[in-house]
Amino acid sequence: MEDEHGKTSPQPEEVQKYRNEIGTVTKEGKRKWIFPKKPFGRFYNARTYVSFFLLAILITAPFLKINNHPFILFDFLNRKFILFGIYFGPHDFYLFVLAMIAIIVFIVLFTAVFGRVFCGWACPQTIFMEMVFRKIEYWIEGDAKNQRKLKAAPWTSNKFFKKTLKNFIFFGIAFFISNIFLSYLIGMDELIKIISDPPSKHIQGLIAITAFSGVFYFIFSSFREQVCTIVCPYGRLQGVLLDRDSIVIAYDNVRGEPRGKIKKNVKQDLGDCVDCNLCVDVCPTGIDIRDGIQLECVNCTACIDACDYVMDKVKRPRGLIRYASINSIEKKTKFRFTPRAIGYSVLLTVLVCVLSYLLFTRTDFSINILRTPGLLYQEQPNDMVSNLYDLNIVNKTFNEVPVKLKLENLSGELKLIGKDLVLVPQGIIDAKFLILLPESEINRMSIPLEIGVYSGDNLLKKVKTSFLAPVKKKEEG
Ligand code: SF4
Ligand code: SF4
């Protein structure tokens with residue numbers, strides 16, 4: 001609505017309208033398809049480089065190996081995980097829980113301070129949508145105006161060709177990415193083996209990967225920004241994670257309002273926003289950032305670039321839309337660490353320290369020896385007394401390891417029950433053994449023992465336990 005000076009500042013009910021409506025849904029409740037204008041500018045270029053770098057890591061990581069073992073593997077079915085070439089199994093679950101808590105605190109802290117930077121720069125959904133699928137769409141169907149025209153046009157051979165080509169490429173990429181994700185679960189060697197086998201040997205797997213590719217294709221060809229606005233829980237948490245000191249992509253309403261189009265030879269008393277609507281046209285979630293922070297904003301920076309372009313054209317300073325906190329815009333305050341952010345930082349530091357300590361002190365073997373519960377002692381021939389022990393060893397390495405046990409601090413006998421101990425890679429051994437001591441050595445009820453667990457000459461661990469001796473014998477002695 002314009003006044004005599006050309007001001008087009010929104011009326012109060014218009015300002016609040018966005019809170020009651022979703023940019024991608026019509027009044028009738030139908031899906032409103034978004035045709036975002038092709039973004040351009042320094043932030044978009046920087047995001048393109050970052051995205052390609054992250055995509056390169058995603059695609060190449062499953063091929064990398066350390067000592068002939070995968071660099072990374074998330075084999076959920078066999079509960080086998082490899083990170084940076086180090087094997088983690090079910091026995092490392094406590095590390096996984098701590099790491100998850102640290103990641104959640106990091107996300108909360110990062111969001112409280114820097115808003116949704118992750119969504120715009122590193123979220124796989126945004127990267128695939130904006131940097132892969134959307135780029136292909138622009139290449140085949142042209143910019144937003146041409147896409148709208150093509151959608152409204154009748155089904156000519158040209159439209160049929162463009163739509164078929166686009167969807168064929170989309171499905172091909174979806175299939176490729178699904179296979180990359182699968183390689184994280186089963187390993188690249190296994191995936192290559194499956195691919196090189198005749199399809200008839202893996203019919204079930206082929207159906208599963210095609211179905212998964214179909215979901216992937218549906219998300220990027222059709223569902224699109226709805227993932228961020230409807231499905232993603234992180235987006236929905238913004239209301240509690242952000243505060244007025246969080247750095248978000250924000251419109252400087254103090255500088256921009258009252259907005260209005262520039263009119264030649266008319267004296268105007270306006271802010272810097274020329275109401276060109278370019279920031280709305282480029283928005284992939286169909287919102288107007290000038291309405292304020294919104295759940296739908298994925299911090300993609302397209303509106304910053306668009307507005308900077310306009311500001312350059314009208315010779316006004318850039319940054320009418322920029323990374324800024326609400327307080328820095330309204331109260332001109334400088335960036336500060338809020339008490340909430342300080343609290344999260346302390347918690348995060350503690351968690352990272354504990355996690356680092358546990359990781360650095362993590363050994364290649366987990367070894368436990370316990371006297372068998374429920375048993376006291378056994379009197380043996382030749383004035384010997386024995387105790388039975390349970391042995392449990394977890395091999396966290398990729399190597400086969402023969403293991404030997406030795407009684408370290410007394411001159412008794414250690415008898416293994418069963419065959420020699422050989423740990424298979426990432427395997428677990430449960431065994432039993434007897435320790436026999438001559439009655440002459442027994443001078444009290446509980447005798448401390450030290451048992452050495454060796455691989456060749458290499459001492460893996462010295463375990464302290466106790467030997468239960470007959471009290472009667474002690475009294476007699
Ligand atoms: S408002 Fe700006 S940063 Fe947010 S999604 Fe739209 S274009 Fe991207
Ligand atoms: S791009 Fe900038 S000048 Fe144009 S409408 Fe958006 S905020 Fe205003």
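The values are calculated or read from the model by the stated rules, or taken from the named source; none is laboratory data. Computed from a predicted model, the values in this text were never measured in an experiment. Virtual Cβ from ideal backbone geometry, glycine too; neighbours counted across all protein chains shown. The area values use the complete protein model at the heavy-atom level, side chains included, leaving out ligands, DNA and RNA. Shrake-Rupley method; radii C 1.70, N 1.55, O 1.52, S 1.80 Å.
Using only Cα atoms, what is the ratio of the radius of gyration of the range 382-477 to 2.2 N^0.38 Å?
Against the compact-globule rule of thumb, the ratio is 1.21.
Per 5 Å bin, what percent of the C-alpha pairs of the range 186-226 does each bin hold, from zero upward?
Final binned percentages: 6, 21, 19, 21, 13, 11, 8, 2.
How far is helix 93-114 tilted off the main Cα axis of the chain, in degrees rounded to 10, range 0 to 90?
It works out to around 20 degrees.
Quick one: length gained pulling SER196 to LEU416 fully straight, 0.36 nm per residue minus the C-alpha distance? Each step should come with its number before you reach the end.
Working: separation 220, 0.36 × 220 = 79.20 nm, distance 4.65 nm.
Contour length minus the Cα-Cα distance gives 74.6 nm.
Under the Kirkwood approximation for Rh and a Cα-based Rg, what ratio Rg/Rh is obtained for the chain?
Details: Rg = 33.1 Å, Rh = 28.3 Å.
Taking Rh as the inverse mean 1/r over Cα pairs, Rg/Rh reads 1.17.
With a 1.4 Å probe and every protein chain kept in, tell me what percent of the accessible surface of the chain is carbon plus sulfur. Provide the component values of the computation, followed by the final result.
On the way: 16910 of 26790 Å².
Carbon and sulfur together cover 63 percent of it.
Between SER446 and VAL424, what FRET efficiency follows from the Cβ-Cβ distance if R0 is 41 Å, with the result rounded to 0.05?
Values: r = 35 Å, r/R0 = 0.86.
So, using R0 = 41 Å, E works out to roughly 0.70.
Of TYR323, TYR251, TYR49, which has the most accessible area with a 1.4 Å probe, and how do the rest follow in descending order?
Details: TYR323 65, TYR251 15, TYR49 165 Å².
If we order TYR323, TYR251, TYR49 from most to least accessible, we get TYR49, TYR323, TYR251.
According to a simple spin-label model (label point 7 Å from Cα along Cα-to-Cβ), what is the distance in nm between LYS315 and GLU330?
Using points 7 Å along Cα→Cβ, the separation is 3.5 nm.
Any idea what the relative contact order of the range 71-182 is, in percent, if you count C-alpha pairs under 8 Å spaced at least 6 apart? Write down the numbers at each step before the final one.
Details: 44 pairs, mean separation 11.3, N = 112.
Reported relative contact order: 10 percent.
For all pairs of alpha-carbon atoms in the range 92-176, what percent lies in each bin of width 5 Å, listed from the first bin to the last filled one?
Final binned percentages: 3, 12, 14, 15, 12, 10, 9, 8, 7, 5, 3, 1, 0.
Given the alpha-carbon gyration tensor of the range 294-352, what are the semi-axes of its equivalent ellipsoid in whole angstrom, ordered largest first, with each equal to the square root of 5 times an eigenvalue?
Details: eigenvalues 205, 45, 18 Å².
In descending order the semi-axes read 32, 15, 10 Å.
Among residues other than ARG244 whose Cβ falls under 14 Å from its Cβ, what is the net charge (Lys/Arg +1, Asp/Glu -1)?
Working: positive: LYS331, LYS332, LYS334, ARG336, ARG340; negative: ASP243, ASP245, GLU330.
Result for the neighbourhood of ARG244: +2.
At 1.4 Å probe size, with every protein chain present, just tell me what the per residue accessible area of the chain comes to in Å². Write out the running numbers ahead of the final one.
Details: 26790 Å² over 477 residues.
Spelled out: the 1.4 Å probe surface of the chain, per residue, equals 56 Å².
Rounded to the nearest 0.05, what FRET efficiency do ILE103 and ASP189 give with R0 = 35 Å and r taken as the Cβ-Cβ distance? Could you check?
On the way: r = 29 Å, r/R0 = 0.82.
It comes out at approximately 0.75.
Could you work out how much longer the chain between PHE337 and ASN399 gets when fully extended? Use 0.36 nm per residue separation minus the Cα distance between them, nm to one decimal.
Working: separation 62, 0.36 × 62 = 22.32 nm, distance 4.85 nm.
Between PHE337 and ASN399, full extension yields 17.5 nm more.
At 7 Å along the Cα-to-beta-carbon direction for both SER221 and LYS65, put a label point, then send me their distance in nm to one decimal.
So the two model labels end up 3.6 nm from each other.
With r defined as the distance between the Cβ atoms of THR26 and ILE230 and R0 fixed at 22 Å, what FRET efficiency is calculated, to the nearest 0.05?
Details: r = 15 Å, r/R0 = 0.70.
That pair, THR26 with ILE230, gives E of 0.90.
Over the heavy atoms of GLU450, what accessible area does a 1.4 Å probe trace out, to the nearest 10 Å²?
Using a 1.4 Å probe on the heavy atoms, I get roughly 50 Å².
What number results when the radius of gyration of the range 142-301, computed over Cα atoms, is divided by 2.2 N^0.38 Å? Don't skip to the answer; put the middle values down first.
Details: Rg = 23.0 Å, N = 160, 2.2 N^0.38 = 15.1 Å.
In units of the 2.2 N^0.38 Å rule of thumb, it is 1.52.
At 0.36 nm per residue, and after removing the present C-alpha to C-alpha distance, how many nm does the segment from ARG148 to ASP243 gain when stretched out fully? Before the final figure, lay out each step's value.
Values: separation 95, 0.36 × 95 = 34.20 nm, distance 3.78 nm.
Separation in residues times 0.36 nm, less the Cα-Cα distance, equals 30.4 nm.
Starting from the 7 Å offset along Cα-to-Cβ, what nm value, one decimal, do you get for the label separation of SER466 and PHE168?
Distance between the two pseudo-spin positions: 7.8 nm.
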